[in-house]
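Where a number appears in this text, it was derived from the coordinates with a stated rule and is not lab data. From a predicted model like this one, the values you see are computed outputs, not experimental measurements. Ideal geometry is used to build each Cβ from the backbone, glycine not excepted, and the neighbour counts take in all protein chains shown.
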Amino acid sequence: MVKLSTLFWMLLVSTTGFAMFAVKYGVQSLEEELYRTKRATIAEEHAIRADEAEWAYLTRPETLDEMNRRHLSLGPIATKQLRITLGDIPMRVASSVASDASVEHPLDNALSTVPTPTDAPTSTENPTEDAELVKPSAPKALAKPVLSRRPRSLDELISQVAASR
Amino acid sequence: MIARQRLDDNPCRPRHFKPPPCSATVPDGPAKQALEACRNRLLVTGALFALVFAAVALRIIEIVAVGGGTAESQIGRFRIVAAPMPSHADIVDRNGNVLAASLDSPSLYGNPKQIVDAAEVARKLVRVFPNLRVDEIYAKLTSGKSFVWIKRHLTPAEQYDVNQLGIPGLEFEHEERRVYPDAALTSHVIGYTGVDNAGFAGVERALDGVLKGRREPLQLSLDLRLQYILREELQRVADDFTAKGGAGLIMDVNTGEILAMASLPDFDPNHPGGPDPDHTGISLADRMFDRVTLGVYELGSIFKIFTVAMALDYGTATITSTYDASHPIRIGRFTISDYHGKHRVLSVPEILMYSSNIGAARMAVAAGAEKQREFLARLGLLKTPKIEISEVGAPHYPAKWREVNVMTIAFGHGISVTPLSFSTAACALVNGGILRQPTLVKLPMGYAPQGQQVISTRTSEQMRRLMRLVVEHGTGTMAAAPGYVVGGKTGTADKVSGRHYAERKLLSSFVGVFPINDPKYLVLTMVDEPHPNKESHGYATAGWTVAPATSRIIERIAPLLGVQPVDESAPEVQRALMVESMQGKRIEAY
């Protein structure tokens with residue numbers, strides 16, 4: 001009996017001892033790995049900083065200007081290029097409309113099928129009305145806006161639609 | 001006892017024979033006591049051991065379960081004391097472009113005691129660094145010391161090459177180096193650093209304490225694109241008119257942020273003391289001199305905007321007042337005459353439009369010295385400007401404000417201020433009358449710092465209309481950038497040379513604001529000693545030199561700043577800029 005228990009304790013001691021050393025060396029190698037990773041991270045961070053500075057150097061306005069002159073020849077935006085508004089874009093004229101007055105303007109058809117935007121600021125104050133408007137099938141939302149006259153530009157059309165609602 | 005003894009003594013007892021237990025022998029007396037004491041001691045020792053083991057077990061549980069495995073390594077060689085942090089934070093522009101960065105820059109040193117074949121090492125090193133000399137390296141490596149610098153601040157590529165050589169005895173010392181990728185472009189603003197990255201000039205010096213130990217980069221109000229355009233156009237004017245130098249700045253009139261600031265000639269902050277192939281024959285001091293913040297100049301006619309604003313704000317003149325400019329004024333040894341002389345009575349708008357010295361002088365005299373001085377002080381023109389740069393120039397002005405001083409100051413002579421102070425005050429004239437501190441640090445979006453109301457909003461509105469007139473019909477017509485509604489004022493000053501004004505040495509400047517009907521940005525351009533050329537028909541005045549440059553600058557920067565061009569003939573623009581005194585009449589008819 002004594003022998004068995006001695007064997008048990010000796011086994012336990014050696015197992016624990018082995019486990020302890022195994023853990024210890026495991027931790028040590030992990031520590032080493034961590035240290036190496038940290039070192040690598042630092043080196044990487046330095047490299048990133050150097051790359052950032054190099055990027056700043058390579059993309060400095062002077063270089064870009066020189067590159068542009070050599071390959072693209074882009075110029076500054078002229079004032080007249082910026083002066084165009086939506087109003088300056090002419091509407092497409094349907095050839096049949098001009099001759100036949102009874103034919104509906106294609107725009108009217110298009111407007112009747114497209115639900116009008118429902119984000120009018122006045123309607124949001126009334127929840128019931130708002131709920132009605134949100135439904136796409138609601139007859140009110142589909143009601144054709146009455147256009148006072150044929151719009152000549154997109155801006156005018158938008159303002160007319162806004163006014164009719 | 002007797003029986004046991006007998007058994008043990010028996011030589012014939014088999015080895016594994018165990019005698020049956022004898023009758024218990026209970027010792028008594030002192031023996032029993034000794035046994036008790038032993039037992040007690042054993043118990044105490046056992047308890048102590050149990051306690052210690054319990055403590056160890058608890059500690060293990062604490063580390064594993066409670067501490068979450070964050071216990072720091074206690075092994076010295078694995079310890080990294082601190083994460084790498086540059087000693088000085090980076091500087092970036094308002095869009096995040098790097099203007100100054102601290103880079104890890106290894107320096108190469110050698111330990112001659114460990115080097116076996118110095119001649120061979122020297123030959124190999126020269127292959128990596130062609131501008132080093134073999135004999136110099138050889139001399140260093142055979143000096144018998146244990147530490148010699150071979151080359152400071154290597155590039156990563158050079159470091160790699162040296163490592164490739166694999167020579168024992170060569171080591172790297174990690175140092176930090178400040179790098180300016182844009183070189184001269186932002187030189188005067190950013191400044192430069194010396195050893196240990198201590199700031200020596202510009203923002204580097206003034207904000208050294210802020211940059212030190214900071215992790216996030218410092219964001220300046222500068223816009224690199226605008227800076228480039230401004231510098232390029234200034235360089236072009238300086239080259240076209242063979243000028244000595246130039247200066248300029250672009251400022252947000254509603255916040256005081258400086259979007260671009262350039263002074264020519266400039267220097268490369270990467271090698272502040274080094275020679276510059278672009279600027280041969282120009283002294284280092286001249287290249288390092290910041291004409292925008294440090295230089296003080298008699299700016300000339302652009303100062304008339306302050307005279308007119310003063311008269312209008314104090315009510316000593318109205319927009320319809322007239323002053324006699326038909327004859328030059330003689331006072332003491334001075335004669336004040338007009339460059340673009342009309343020789344007649346001029347109204348306030350005309351005085352500004354035609355830049356009449358006589359008219360401005362009379363207007364200032366009518367207001368008086370007291371008011372003029374007080375007004376200029378209110379605009380901050382009589383004190384040293386404050387900005388995130390330590391190189392700032394104090395203004396020069398007469399200690400005793402006599403009548404002759406009143407007259408000359410009215411058209412910008414006899415008082416010297418920095419272009420920075422001038423621009424700051426000019427912003428207040430057009431932005432509704434609020435004077436704001438200029439700044440080089442980016443402000444949060446939509447935030448305008450608290451300013452000081454220095455003139456009434458009405459005067460400010462009148463000044464906008466008058467400055468528009470100068471560009472529309474006056475001396476600054478070449479500054480017009482159609483669509484951007486530029487307003488401004490030209491100024492051509494004679495430079496002081498010794499105790500006299502030098503006739504042929506001019507300082508031409510232009511202050512432009514756009515869009516003047518709703519001011520957003522101010523552009524100041526200045527060129528030092530321009531010489532007339534063929535294109536300018538023999539003129540080197542502001543209207544022919546810096547005014548066209550301002551036009552070009554505005555046309556290039558406005559799209560970048562998101563300023564939408566408008567139709568200048570649109571009724572709402574015209575109405576906003578109409579001068580009451582003319583009541584819609586054309587200026588020629590007036």
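Would you mind checking the pairs B:Lys371/B:Lys495; B:Lys342/B:Lys386; B:Lys386/B:Lys495; A:Lys24/B:Lys212 and listing those with alpha carbons more than 32 angstrom apart?
Details: B:Lys371/B:Lys495 27 Å; B:Lys342/B:Lys386 40 Å; B:Lys386/B:Lys495 26 Å; A:Lys24/B:Lys212 41 Å.
Listed pairs above 32 Å: B:Lys342/B:Lys386; A:Lys24/B:Lys212.
Give me a single rounded figure for B:99-111: the average over its residues of other chain Cβ atoms within 10 Å of their Cβ. Intermediate values should be presented prior to the final figure.
On the way: counts 2, 2, 7, 2, 6, 7, 2, 1, 0, 0, 0, 0, 0.
Mean shielding count: 2.
Tell me the Kirkwood hydrodynamic radius of the range B:145-245 in angstroms, computed as one over the mean inverse distance between distinct C-alpha pairs. Can you show the working numbers first?
Working: mean 1/r = 0.0579 Å⁻¹.
Evaluated on the range B:145-245, it is 17.3 Å.
May I ask you to compute the full-extension gain from B:Asp494 to B:Arg575, defined as 0.36 nm times their residue separation minus their alpha-carbon distance, rounded to one decimal in nm?
Working: separation 81, 0.36 × 81 = 29.16 nm, distance 3.70 nm.
Here the segment from B:Asp494 to B:Arg575 would lengthen by 25.5 nm.
Which residues does a label at A:Leu64 reach in the range B:538-581, if reach means a backbone N under 16 Å from a point 7 Å past the Cα toward the Cβ?
Inside the label zone: B:556-562.
Based only on Cα atoms, what Rg/Rh ratio does the range A:2-72 have, Rh being taken as Kirkwood's radius? The partial results should precede the final answer.
On the way: Rg = 29.5 Å, Rh = 17.6 Å.
Expressed as Rg/Rh, it is 1.68.
Over 18 Å, how big is the tail of the calculated P(r) for the range B:439-541, in percent of all Cα pairs?
So the pairs more than 18 Å apart make up 62 percent of the total in the range B:439-541.
For the pair B:Glu535 and B:Arg402, how long in nm is the line joining their label points, each one 7 Å along Cα→Cβ?
In this crude spin-label approximation the distance works out to 4.4 nm.
Would you list, by chain and number, the lysines whose Cα falls below 16 Å from the Cα of B:Lys124, excluding same-chain residues fewer than 8 positions away?
Output for B:Lys124: B:Lys140, B:Lys151.
What nm value, rounded to one decimal, do you get for the distance between B:Glu370 and A:Ala22 when each label is placed 7 Å out toward the C-beta?
Rounded to a tenth, the inter-label distance reads 9.9 nm.
Using 20 Å bins from zero, what percent of all Cα-Cα pairs in chain B falls into each bin?
Result, from short to long distances: 17, 37, 18, 12, 7, 5, 4, 1 percent.
How far apart, in nanometres, would the label points at B:Arg236 and A:Glu45 be if each is projected 7 angstrom from Cα along the Cα-to-Cβ direction?
Calculated label separation equals 4.5 nm.
Peptide A:52-65: average number of partner chain Cβ atoms within 10 Å per residue?
6
Between the range B:188-261 and the range A:43-77, how far is it from one alpha carbon centroid to the other, in angstrom?
Result: 19 Å between the Cα centres.
Expected output is a single nm value to one decimal: the length gained when fully extending between B:Ala55 and B:Val345, i.e. 0.36 nm times separation in residues minus the C-alpha distance. What is it?
On the way: separation 290, 0.36 × 290 = 104.40 nm, distance 10.36 nm.
Net length gain for the segment: 94.0 nm.
Quick one, what does Rg over Rh come out to for the range B:243-358 if you take C-alpha atoms and the Kirkwood Rh? Write down the numbers at each step before the final one.
On the way: Rg = 20.4 Å, Rh = 17.9 Å.
Answer for the range B:243-358: 1.14.
State the Cα centre-to-centre distance between the range B:308-384 and the range B:442-495 in whole Å.
Value for the Cα centre distance between the two parts: 18 Å.
For chain B, what is the mean residue ellipticity at 222 nm derived from helices alone (per DSSP H run of n ≥ 4: -39500 (n - 2.57); sum divided by total residues; nearest 500 deg cm²/dmol)?
Working: 19 runs with 202 residues, N = 590.
Helix-only estimate at 222 nm: -10500 deg cm²/dmol.
Can you work out ³J(HN,Hα) from phi for every residue in the range B:257-272, in order, using Karplus 6.51 cos²θ - 1.76 cosθ + 1.60 and θ = phi - 60°, giving whole Hz and x for Gly and Pro?
6, 9, 8, 7, 8, 9, 9, 10, x, 10, 9, 9, x, 5, 9, x
Please identify the trypsin sites (Lys or Arg not before Pro) of the range B:200-247 that satisfy two criteria: DSSP loop assignment and at most 14 other Cβ atoms within 10 Å. Which are they?
Values: sites: B:Arg205, B:Lys212, B:Arg214, B:Arg215, B:Arg225, B:Arg231, B:Arg236, B:Lys244; in loops: B:Arg214, B:Arg215, B:Lys244.
Listed in order of number, the matching sites are B:Arg215.
With a cut-off of 8 Å between alpha carbons and a minimum separation of six or more residues, what is the relative contact order of chain B in percent?
Values: 1107 pairs, mean separation 74.4, N = 590.
Answer for chain B is 13 percent.
Divide, for the range B:204-280, the radius of gyration over alpha carbons by 2.2 N^0.38 Å, where N is the residue count. Present the calculation step by step, with values, prior to reporting the outcome.
Values: Rg = 15.2 Å, N = 77, 2.2 N^0.38 = 11.5 Å.
Taking the Cα Rg and dividing by 2.2 N^0.38 Å, one obtains 1.32.
Compute the longest continuous run of chain B that contains no exposed GluC sites (Glu not before Pro); treat a site as exposed when its DSSP state is not H, G, I, E or B and it has at most 13 other Cβ atoms within 10 Å.
On the way: sites that count: B:Glu72, B:Glu535, B:Glu588.
Counting at most 13 other Cβ atoms within 10 Å as exposed, the longest clean stretch of chain B is B:73-534.
Mind checking which lysines have their Cα closer than 18 Å to the Cα of A:Lys3? Skip sequence neighbours fewer than 8 apart in that chain.
The reachable lysines, counting only those whose Cα sits under 18 Å from A:Lys3, are B:Lys18.
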